[in-house]
Amino acid sequence: YCVPPCSEANGFVTSKMALRNLRDRGSELMRWAFCQAQVIFSHDREIEALVTEIPCYPEQDRIRRMESYHSQIYYHFSFFEFAYYSQTKYLMYETATRMLLAAGRLLLADNRRLYPGRKWFYRELERISDKPEGFCEAMIAFLDAPALDTGHRIIELIQGHKAYPVPPEGMKARIIKESVLNLEEW
């Protein structure tokens, strides 16, 4: 029995096989959960090394993820435009937040930073150095006033920052595969 040092602290018992699976195939959320992990007790010396290897960005999927996030920005903005012109408020807010999530995840992936989930997403975006100047402020401006000009500002910042990867099959084809058909492997 112990008292955790803070409300975010927790612990669990696991196996070496589970840690290897996390290191090799863990989701970004699971990897991020290990960012400040500490091994409290283990007889196996390999466990410490495994725990330090888990919170690394999955490099083998990085470009594919960046292509997908890049595609999603435009996909969601097209729905935002429809919602804006038809004044469908729910769709405006939903697509605005999805567009911002895609743009933010593109920047996180470009910086090899794990997606921490919704709770710490904005904080992690603020911390990365390689992002368009004023990006975080533009995100808040878009959420405060979801309109075509504030949405276009996000796209302009992304486009003007650098040439992000585009899927070889095209953005629309990637969206159809991942969103419409829900195919992860192609």
Could you check the range 81-124 and list, in sequence order, the residues that are polar (S, T, N, Q), assigned to a helix (DSSP H, G or I) and open to solvent by 10 Å² or more (accessible area, probe 1.4 Å)? SER86, THR97
Does any residue in the range 76-96 that is in contact (Cβ under 8 Å) with a residue 40 or more places away in the chain come within less than 8 Å, Cβ to Cβ, of a residue that is in a helix (DSSP H, G or I) and open to solvent by 60 Å² or more (accessible area, probe 1.4 Å) six or more places away or on a different chain, and which pairs are these? MET92/TYR84; ALA96/LEU143
Just to be sure before I move on: is ALA173 in contact with a Lys or Arg (Cβ under 7 Å, 6 or more places away or on another chain) and either open to solvent by less than 50 Å² (accessible area, probe 1.4 Å) or not in a helix (DSSP H, G or I) (or both) in the structure I sent? no
How many residues of the range 45-62 are more than 25 Å from the chain's Cα centre (by Cα) and either surrounded by 12 or more Cβ atoms within 10 Å (Cβ to Cβ) or modelled with pLDDT of 90 or more (or both)? The answer is 4
Criterion first (surrounded by fewer than 22 Cβ atoms within 10 Å (Cβ to Cβ), part of a helix (DSSP H, G or I), at pLDDT 95 or above and among the polar types (S, T, N, Q)) does SER68 satisfy it? no
Yes or no: LEU157 in contact with a Pro (Cβ under 6 Å, 6 or more places away or on another chain), part of a helix (DSSP H, G or I) and of a type in the set (A, V, I, L, M, F, W, C)? yes
Please work out which one of (1) open to solvent by 30 Å² or more (accessible area, probe 1.4 Å); (2) touching a Ser or Thr at 6+ places or on another chain (Cβ under 8 Å) is the condition GLU156 fails and give its number. (2)
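The values are calculated or read from the model by the stated rules, or taken from the named source; none is laboratory data. Remember, it's a predicted structure, so these values are computed and weren't measured experimentally. For neighbour counting, all protein chains shown are included, and Cβ atoms are generated from backbone atoms with ideal geometry for every residue, glycine included. These accessible areas exclude ligands, DNA and RNA; they are computed on the full protein's heavy atoms, side chains included. Shrake-Rupley method; radii C 1.70, N 1.55, O 1.52, S 1.80 Å.
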